[in-house]
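Remarks on the structure that follows.
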Amino acid sequence: MDAHGTVDAVWRLESARIIAGLTRMVHDVGLAEELAQDALVAALEQWPDSGVPDNPGAWLMAIAKRRAIDHLRRVQRVERTHEQLAHALDQAPPPEQDDVLRLMFISCHPLLPTEARVALTLRLVGGLTAAEIARAFLVNEPLIVQRIAEAKRTLARERVPFELPAGPALPERLSSVLGVIYLIFNEGYSATSGDDLIRPGLCLEALRLGRLLAELAPYGAEVHGLVALMEIQASRSAARTGPSGEPVPLHQQNRGRWDQLLIRRGFTAMLRAREVGGPPGPYVLQAAIAVCHAQARTAEETDWAQIAALYDALAHLLPTPVVQLNRAVAVGMAHGPQAGLALVDSLTIDPTMQNYHLLPGVRGDLLARLGRYDEARVEFERAASLTGNAAERAFLRRRADEIGATGASGTTLGQASQDFLSRDDLDAATIRSYGQTLRRLCLALGEQLPLVSLTADHVVRVFTTAWGGAAASTWNRHRSAVRTFGAWAALEDLAAGLDRRPETRSRTATIDPGQLAALWSRADLPMRELTLWRILHESAAPVTAVLALNVEHLDLDDRRAWVAGTWVNWRHGTARLLPHLVAGRTRGPLFLADRRTGPARTPAAADLCPETGRRRLSYERAEYLFKQATKSLDPAGHGYTLRQLRSRT
């Protein structure tokens, strides 16, 4: 291995320890990483000529500490003499393991959004670059850089101490660390997007972090439980996909391909969890379920009754919809598909499950076992339309095709929706509005649902789940769309169970000018967000109108654009930004999503950029980003809405 390869390998192994030790010195995790990076640069410059030191980790730590001491001298952040500072380099360091553990806790601090915790943990503790993290999660690198930078700023702004939590705070903080590690593992074990079902790099990184945490915090039964769970699940990786990368269900896997070393490691971690003692927590219970599967030599020998009982205990501790869905699978295997289906049907009205592809996937499997093949086929098609993973999508569609249509053929909900939106008498804005309603119906009920089967009860269930908590105007808009669609399709009143909600309009409070000035002055804002917010403020136009702007609508010289039958005007702040945002594009949506759309979610042609393949930025995503960016400005800590940007002057 050459010197540069050695530097990369050493950095991956030692970066967490170095950054943790520096954070203890300078009390700023962002500054600590910068100092560690300085040491890394020094190694890249010196090692190719001088050779790799006998103890490269200690060399990096010594260089980084010298940089830290130089920094402390320059800014006079400590009240010590120069002799005392120099002497600090030769003092025996405190236990480094505690420093790494502190770094894990601070990276996963509950103050940070979940995606920021994941990115910061992989960066600081895992030693991954922003580019590596972005590739692993299929997002662009600037987005990861932004998340990491914002996380560091939040920790510094809130003065989060570099210390181990104690007392009542410890269980919650440890739970946050475990949750981040398991989220990383799950994204690798069953990728939510992309072409491949498994991303081995993320699985391995999560296992490394879990094993490290188990060494640093051996007193936690849940820590060992998580390690046991990940080891046993990872043992099945080779058997989980077929020759073409297609998913292989658990009961069809070749158990001879399961990794026995990982299984033994999992059993050992489970024994350690039991030795720690105490009532079993969620990870220990999930590990116990994994142990039941690993102990069965064949699928037929699986003790489903025991697994169902363990899921009962898990649901008592962690009554989330996903746990309840997994419990339904176990109950369906232990006590028959009808018992499992009853549990699954109780989850269909949960708003958090409306886009979760495994719900219709499980429901389709149970319906097929009951011989209700037409319903099962619709559910598998619906599950395929919801997943963002290409391998899972192909698998689910194959299951639907294997069942085939056994009932009378006819127009489906998906076909009818396309025909309805293709009418010549609808303008672009109406098509977009109606399309949102019909897309939600298709996602919730399945595009293959026979149109004649669509009832008002179906519609009520979808509305309750999707828009039950929405504003009255949103509810009424979707209700009107359903009524129009039903009349066109000659169906009975599909909105019969939906009462029109009274709308009350109140003046939206605007953002204080001083806060706006602070927002405009931020150097870390992406060009897309800054331009959108500027034009909303300067034009006072509705958010939907601004998001509907196309590049070809723009008149940059006159500082205006024609959209939805009206002019949107802006001032110098927007005029300065727009050429950079357009960046040579000649047509298509002005404000684009972060990445290209997947084949299962192809938008309308009017919402797709023909030059980049990316879709129009959605209102929901734009609103979320603004709320996140303005949390620190809002005294209530919730963040502001885009409507509050509209100037009233």
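List of remarks:
- Any hit, segment 208-219, residues being surrounded by fewer than 14 Cβ atoms within 10 Å (Cβ to Cβ), touching a Leu at 6+ places or on another chain (Cβ under 9 Å) and modelled with pLDDT of 85 or more: no
- Of all the residues in segment 228-244, those that are touching a Lys or Arg at 6+ places or on another chain (Cβ under 8 Å), open to solvent by 10 Å² or more (accessible area, probe 1.4 Å) and closer than 29 Å to Phe105 by Cβ number 0.
- Pairing residues of segment 248-265 that are more than 21 Å from His224 (Cβ to Cβ) with residues that are loosely packed, with under 12 Cβ neighbours inside 10 Å, at Cβ distances under 9 Å and at least 6 apart in sequence or on separate chains, gives Val248/Asn254; His251/Glu300; Arg255/Arg297; Arg255/Thr298.
- Selected residue [under 36 Å from the mean Cα position of the chain (by Cα), assigned to a helix (DSSP H, G or I) and closer than 18 Å to Glu132 by Cα] from Leu40, Leu44, Leu22, Leu35: Leu40
- Residue selected from segment 354-404 under the condition of a type in the set (Asp, Glu) and under 21 Å from Thr465 (Cβ atoms), by the criterion least open to solvent (accessible area, probe 1.4 Å): Glu379
- Within segment 321-332, residues that are surrounded by fewer than 24 Cβ atoms within 10 Å (Cβ to Cβ) sit with their Cβ atoms under 6 Å from residues that are polar (S, T, N, Q), at 6+ positions apart or across chains, in these pairs: Pro321/Thr352.
- At least 3 residues being among the β-branched types (Val, Ile, Thr) is the threshold, and among the helices (runs of 4 or more DSSP H) wholly inside segment 273-379 those reaching it are 282-295, 321-335.
- Subset of segment 94-113 that is touching a helix residue (DSSP H, G or I) at 6+ places or on another chain (Cβ under 9 Å) and open to solvent by 70 Å² or more (accessible area, probe 1.4 Å) - its residue that is modelled with the lowest pLDDT: Gln97
The values are calculated or read from the model by the stated rules, or taken from the named source; none is laboratory data. A quick note: this is a predicted structure, and the numbers were derived from the prediction, not measured. With ideal geometry, Cβ positions are generated from the backbone for all residues, glycine too; neighbour counts draw on all protein chains shown. Calculation scope for accessible area: heavy atoms of the full protein, side chains included, ligands and nucleic acids excluded. Shrake-Rupley method; radii C 1.70, N 1.55, O 1.52, S 1.80 Å.
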